[in-house]
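Working notes for the structure below.
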Amino acid sequence: MRALLPAALLLLPAASPVGSLDLEVTGLRNAKGVLQICLTARPDSFPDCKDDPRGISRTISAANPTTRFEGLAKADYAVAIIHDANGNKKLDTMLGIPREGFGFSRNPAIAFGPPKFGAASFQLDGTKQRVKMRYLL
């Protein structure tokens with residue numbers, strides 16, 4: 001019976017390591033409105049956290065553009081942010097061009113549309129992510 005105990009312990013699920021993420025948003029045009037944030041580990045749920053039960057959507061004041069996410073499972077994550085200056089809960093566009101600011105973790109180059117998950121993803125390792133907002137209009 002004692003010989004089986006070590007083998008049985010190997011079969012028990014290990015507790016998932018957890019970490020935290022400090023997020024700082026820079027380059028805001030002004031402190032009006034709010035920042036709509038999506039944090040996800042699912043490539044198919046990026047950049048809007050759609051259909052991700054573990055994705056975190058958070059709204060913070062543009063006047064205080066920092067936040068902390070705690071209790072995150074170790075994984076590759078990506079962040080997408082919209083500077084919702086008028087507080088209407090969406091990214092305003094004109095002819096498909098964003099009229100409000102946007103940003104992504106790792107600050108990837110932007111062509112047409114949002115970057116792929118891989119371009120914005122980072123490994124959760126306790127470091128701070130600084131996201132620089134971009135404005136096209």
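For the range 83-137, what are the residues that are free of Cβ contacts under 8 Å to residues at least 24 places away in the same chain, of a type outside the set (A, V, I, L, M, F, W, C) and outside any loop (DSSP other than H, G, I, E, B)?
T93
Name every residue in the range 120-137 that is among the small types (G, A, S) and either surrounded by fewer than 16 Cβ atoms within 10 Å (Cβ to Cβ) or under 21 Å from T93 (Cβ atoms) (or both), in order of residue number.
Within the range 120-137, A120, G126 qualify.
Please enumerate the residues belonging to the range 18-35 that are among the hydrophobic types (A, V, I, L, M, F, W, C), surrounded by 13 or more Cβ atoms within 10 Å (Cβ to Cβ) and in a strand (DSSP E or B).
Of everything in the range 18-35, those that are among the hydrophobic types (A, V, I, L, M, F, W, C), surrounded by 13 or more Cβ atoms within 10 Å (Cβ to Cβ) and in a strand (DSSP E or B) turn out to be L21, L23, V25, V34, L35.
So how many residues does the range 45-60 have that are charged (D, E, K, R) and in contact (Cβ under 8 Å) with a residue 24 or more places away in the chain?
1
Anything in the range 108-119 that is over 12 Å from the mean Cα position of the chain (by Cα) and surrounded by 15 or more Cβ atoms within 10 Å (Cβ to Cβ)? List them, or say none.
P108, I110, P114, P115, A119
Tell me which residues, restricted to the range 84-96, are closer than 15 Å to R134 by Cβ and either loosely packed, with under 10 Cβ neighbours inside 10 Å or touching a strand residue (DSSP E or B) at 6+ places or on another chain (Cβ under 9 Å) (or both).
Taking the range 84-96 first, the residues closer than 15 Å to R134 by Cβ are 84-85, 91-93.
Once the filter is applied, which keeps residues that are closer than 15 Å to R134 by Cβ and either loosely packed, with under 10 Cβ neighbours inside 10 Å or touching a strand residue (DSSP E or B) at 6+ places or on another chain (Cβ under 9 Å) (or both), the range 84-96 yields D84, A85, L91, D92.
Among the residues in the range 57-79, are any part of a loop (DSSP other than H, G, I, E, B) and in contact with a helix residue (DSSP H, G or I) (Cβ under 7 Å, 6 or more places away or on another chain)? Lay out the reasoning, then the answer.
As a first pass, look at the range 57-79 and keep what is part of a loop (DSSP other than H, G, I, E, B): 62-65, 74-75.
When the remaining residues are screened for being in contact with a helix residue (DSSP H, G or I) (Cβ under 7 Å, 6 or more places away or on another chain), the result is none.
Among the residues of the range 57-79, not one is part of a loop (DSSP other than H, G, I, E, B) and in contact with a helix residue (DSSP H, G or I) (Cβ under 7 Å, 6 or more places away or on another chain), which makes the answer no.
Looking at the structure I just gave you, is D76 over 14 Å from the mean Cα position of the chain (by Cα) and either at pLDDT 95 or above or among the basic types (K, R) (or both)? It would help to see each step written out before you state the result.
Working: over 14 Å from the mean Cα position of the chain (by Cα): no; either at pLDDT 95 or above or among the basic types (K, R) (or both): yes.
Taking the combined requirement at face value, the residue does not satisfy it.
Look at the range 36-49 and say how many of its residues are more than 21 Å from G87 (Cβ to Cβ) and either at pLDDT below 95 or not in a loop (DSSP other than H, G, I, E, B) (or both).
Residues that pass the stated criteria total 4.
Do we have I60 as out of contact with any Lys or Arg (no Cβ under 9 Å at 6 or more places or on another chain), surrounded by fewer than 17 Cβ atoms within 10 Å (Cβ to Cβ), among the β-branched types (V, I, T) and at pLDDT 95 or above here?
yes
The values are calculated or read from the model by the stated rules, or taken from the named source; none is laboratory data. Note that the structure is predicted; figures quoted are calculated from it, not measured. Backbone-built Cβ (ideal geometry, glycine too); neighbour counts: all protein chains shown.
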